[in-house]
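What follows is a single structure, written as structure tokens, with notes after it.
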Amino acid sequence: MGIKRRNWALAAAPLALALLATTGCTSTADARAEPTGAPSMSGAPSTSVARVCAKPAAGPAKAPAGAVTVDPAVVGDLAAKTKSSPPNTTFWLRPGKHRLDPDRYAQVIPKKGNRYLGAPDAVLDGRKKNQYAFGGTAADVTVRHLTVQGFVPPHNEGVVNHDSADGWVIEHATIQNNSGAGLMAGARQQVRASCLRGNGQYGLNAYKSGDTITDLVVEGNEIVGNNTDDWERRREGCGCTGGIKFWAVNGADVRGNWVHDNRGTGLWADTNNNDFRIENNVIEANDGAALIYETSYNAVIRKNTIRRNNWVEGRRAADGGDNFPYATVYLSESGGEPRIRARTDKIEIYRNVLENNWSGITLWENADRFCNSPANTSSGDCTLLVKNTARCAQPAIATAPLYADCRWKTQRVDIHDNRFVLDKSVVDCTAKCDRMAVLANYGTYPRWSPYKGERVAEAITRKQHNRWHDNVYLGPWKFVAHDPSRVLDFGQWQGTPYQQDAGSTFRARDGG
């Protein structure tokens, strides 16, 4: 799966205030990023974010009444006592380093309703021998106040909730320094106030084989320094890295997180996700985009502080001569669709502060990427409007309804009341870091495609209800419409035929 960027080369109640940090908090994981809220130059209020890696909440110092005590001196004690105990048992892990049997497949297989509570300084360590920490299909399992580290799952697999069971609660946990994904997700999963740090591929991989994940909550976490194995370089174009990756999630609340210093994208929703609310997060200093929403539907993205993202990947592309407007918020073949049930029928991006990122927001559609096309990087997947992939073929695809329904469309995107700040001296760039864009490629492939030529470029630019308005721009912004060659100034962007950013203000700043 993953993005095909271009064709000319290419819920729940809020956490208690005690779990949130106000301005000035830092992470021991990487001192470069400090969630101090938007600086005064942005004019935005400070933003509170999770401060959980530097100061994790301590677990119970004594075993709760009725809990089974787990001894770190006994290798495999946690797995053995889980096996011998009934469902709905609470386990209290004493302080110290807990180990599983040395077999690579040794793991804890919880029973329904089990609860795993770590005492202060309780660690479950895979010692680079075990692949998985917690697996199996039991529902409604809780993991709290426990550090899980040193596990080595294969590519695309995870350490905690390896089998994507439903109803798990991960809270006040530290999941760090593992290969693959620190954590997988199932339906009704809640990930709260946890530190997902330094994992080889993802902090969280919200993926369940052959199924849709519903009602996911990711709240008040610190997601930092993931993709240490740099998978995009090892498998170019894999689309398989980042702080969090979401696949076929229907209903997600992602709020109050600090997503920073990940190698690659911060948050990436890829392939038939729907009904997301991404709000009140601080997303900063990620090597790639802060947020990618790809071949997905219906989302609200609001009240986020987004800064210093995409400096590495954006600069790399520009230095290589690529004129594609790589952005820090990137919507790829994604839009609002009233026929798909959600809390909104559009993608609404508002009341965010985007400051000193490599470019701003890009709305993109690959004319050659549609259901049943060989150019569809989400191989085998079709849109949520067409259940039978084989229907998307000639002659039926050339006429209604399949002409519209076989294509993931960037449509009904409403971008308003945001503040876009750019100081090129801070970003250290001279060009190509200053773009806001809505565009597509010239359709060429496959031979039977009904979307050849400029049809999709015309549609995304002028016919699919994509609209910027009532924003504030500070800095030397440029605007791209239709295709990468059409670079506009603010007056051209506001004028005919594009008529974007009605009610917006624009002020260039010195140093640009």
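The values are calculated or read from the model by the stated rules, or taken from the named source; none is laboratory data. Quick caveat: nothing in here was measured; it's all calculated off a predicted structure. Every residue, glycine among them, receives a Cβ derived from its backbone with ideal geometry; neighbour counts consider all protein chains shown. The accessibility values were calculated without ligands, DNA or RNA, using every heavy atom of the protein model including side chains. Shrake-Rupley method; radii C 1.70, N 1.55, O 1.52, S 1.80 Å.
Extension gain, Lys129 to Ala65: 0.36 nm times the residue separation minus the Cα-Cα distance gives 19.7 nm.
Cross-link pairs exceeding 22 Å in C-alpha to C-alpha distance, out of Lys62/Lys112; Lys303/Lys463; Lys245/Lys432; Lys346/Lys463; Lys208/Lys387; Lys409/Lys452, comprise Lys62/Lys112; Lys303/Lys463; Lys245/Lys432. Note on the chain: with neighbouring protein chains present and a 1.4 Å probe, carbon and sulfur make up 48 percent of its accessible heavy-atom surface.
Between the range 139-187 and the range 300-345, the alpha-carbon centres lie 27 Å apart.
At 0.36 nm per residue, and after removing the present C-alpha to C-alpha distance, how many nm does the segment from Lys452 to Val426 gain when stretched out fully?
On the way: separation 26, 0.36 × 26 = 9.36 nm, distance 4.07 nm.
Contour length minus the Cα-Cα distance gives 5.3 nm.
With helices as the sole contributors, the chain gives -1500 deg cm²/dmol at 222 nm; each DSSP H run of n ≥ 4 counts as -39500 (n - 2.57), and the sum is divided by every residue.
Find out how many positive minus negative residues lie around Asn130, taking Lys and Arg as positive, Asp and Glu as negative, among other residues whose Cβ is under 11 Å from that of Asn130. Mind dumping the intermediate values first?
Details: positive: Arg99, Arg104, Arg127, Lys128, Lys129; negative: Asp101, Asp103, Asp125.
Surrounding charge for Asn130 is +2.
So for the range 384-441, Kirkwood radius off the Cα pairs, Stokes-Einstein at 4 °C and 1.567 mPa s: how many µm² s⁻¹? Please list the in-between numbers first.
Working: Rh = 15.5 Å.
My calculation gives 84 µm²/s for D.
Looking at the range 57-126, which chymotrypsin sites (Phe, Trp or Tyr not before Pro) are DSSP coil and have at most 15 other C-beta atoms within 10 Å of their C-beta?
On the way: sites: Phe91, Trp92, Tyr105, Tyr116; in loops: Tyr105.
When the chymotrypsin sites (Phe, Trp or Tyr not before Pro) of the range 57-126 are filtered for loop state and at most 15 Cβ neighbours within 10 Å, Tyr105 remain.
Distance between the 7 Å Cα→Cβ label points at Cys238 and Ile109: 2.9 nm. When you restrict to C-alpha pairs under 8 Å that are six or more residues apart and normalise by the size of the range 95-507, the relative contact order lands at 8 percent. Take the Cα of Ala58, step 7 Å toward its Cβ, do the same at Asn388, and the gap between the two points is 6.4 nm.
Of all DSSP bridge pairs formed entirely within the chain, close to 5 percent run antiparallel.
Determine the per residue accessible area of the range 95-507 with all protein chains present and a 1.4 angstrom probe, expressed in square angstrom. Could you put the intermediate results ahead of the total?
Numbers: 13450 Å² over 413 residues.
Counting only protein heavy atoms, the per-residue value for the range 95-507 is 33 Å².
Bridgeable lysines around Lys55 (alpha carbons under 21 Å apart, same-chain partners fewer than 8 residues away excluded): Lys97.
At full extension, Tyr445 and Ala375 could sit 24.5 nm farther apart than now, given 0.36 nm per residue minus the alpha carbon distance. Label-to-label distance for Gln499 and Asp211 is 4.8 nm, based on points extended 7 Å past Cα in the beta-carbon direction.
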